[in-house]
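What follows is calculated from the coordinates using simple rules that are stated; it is not laboratory data. Because the structure is a prediction, the values reported are computed rather than measured. Here the Cβ is made from the backbone with ideal geometry for all residues, glycine too, and neighbour counts use every protein chain on show.
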């Protein structure tokens, strides 16, 4: 569990090295840990003088850097002893003798071993050297994955809710994807998808980061890792989860609402919802590191409403003033919504189905919807690139607010 153990007793370092070396280390000073005994507990009992005062003996033995080298574990544990090039460890300390007598009699036996160990074990890793940032990144990613797995509200419950909500929304909108009389309802369903994935991704981020800030302050203050390492690990851990949940949701609603049965359109539809989700994750990071939970939740809700109003459905772009139309370009929902509409109703789509009991269907032609919404000149690729830019920009701002929050703390 621990890569490096450091034990203090009476102001002296009585052990420093690999956790696997504790039993051979204690044996070298005449303390034999029983096979049925936990090595960590036994070491603590020894430092608490339950078997006599071995503090000085352990402090002397702890100066031997060979105990910090993991490769020695197998050799020592098998009874092979210390390599020949290394001087033997001091004999067991007798608690009945005076400390000063023991210290004087063995003062000359402690010699520097750095050069000898390096010569004896060429190419071995020096355990005293700090791990690289990449190694720390892998450790942080492993820790984050364990936390995600153990937190059932983030994984199991959220996946279950996504599936249930996707089924309910699919049943609600039915065949709106192909029925010409339900084209407006189908366009409205796009907004439902955007808002659902946005809100369910934004709010967990707003609530998560203030909770983790105290732990992050302590670990970064202790120089366990750099802030950018934590940031990258957090992003690389959360993004696959968010993408997976988005794909599951998008697949269900795409099939149940009878959208065009074309692989290209399905991939375009899913890509937009995935981008919408990860942009929301970035906004959650920004609000969670810039504000507290209460203010972040309030501002997040207000910001979502603002983006929703300016997406181009509740108020058509053609009905907006020039100033309001300019403000709409700040809304990421505008680009998500326009991209979804273009995915479903671009010029290459065949005519929609008009039910036999209907005398006239105004939206049989797909481009009729585009003209109604004022997105005939829209470009799918431009909207996708803009969403990517939003994602990168909000992540950069979120990293800056995270560093600022830690420095202020």
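Full extension of the segment from residue 397 to residue 35, taken as 0.36 nm per residue of separation minus the current Cα-Cα distance, would add 124.8 nm.
Hey, with R₀ at 25 Å, roughly what FRET efficiency would residue 379 and residue 262 work out to, going by the Cβ-Cβ distance, to 0.05? Working shown, then result.
Working: r = 19 Å, r/R0 = 0.76.
The formula returns an efficiency of 0.85 here.
Per 0.36 nm of contour for each residue apart, how much would the distance between residue 184 and residue 154 grow if the chain were fully extended, relative to their Cα-Cα spacing?
Values: separation 30, 0.36 × 30 = 10.80 nm, distance 3.37 nm.
Here the answer is 7.4 nm.
Working from label points 7 Å from Cα in the Cα-to-Cβ sense, the residue 227 to residue 320 distance is 3.4 nm.
Extending 7 Å from Cα along the Cβ direction at residue 306 and again at residue 255 yields two label points whose distance is 3.9 nm.
Take the alpha-carbon centre of region 301-346, take the same for region 1-72, and report the distance between them in whole Å. Cα centroid to Cα centroid, the span is 66 Å.
In percent, what relative contact order does region 133-408 have, based on Cα pairs under 8 Å that are 6 or more apart in sequence? Mind showing how you got there, number by number?
Working: 336 pairs, mean separation 72.3, N = 276.
It comes to 26 percent, rounded to a whole number.
Computed from the C-beta positions of residue 44 and residue 388 and an R0 of 51 Å, the FRET efficiency is 0.40 to the nearest 0.05.
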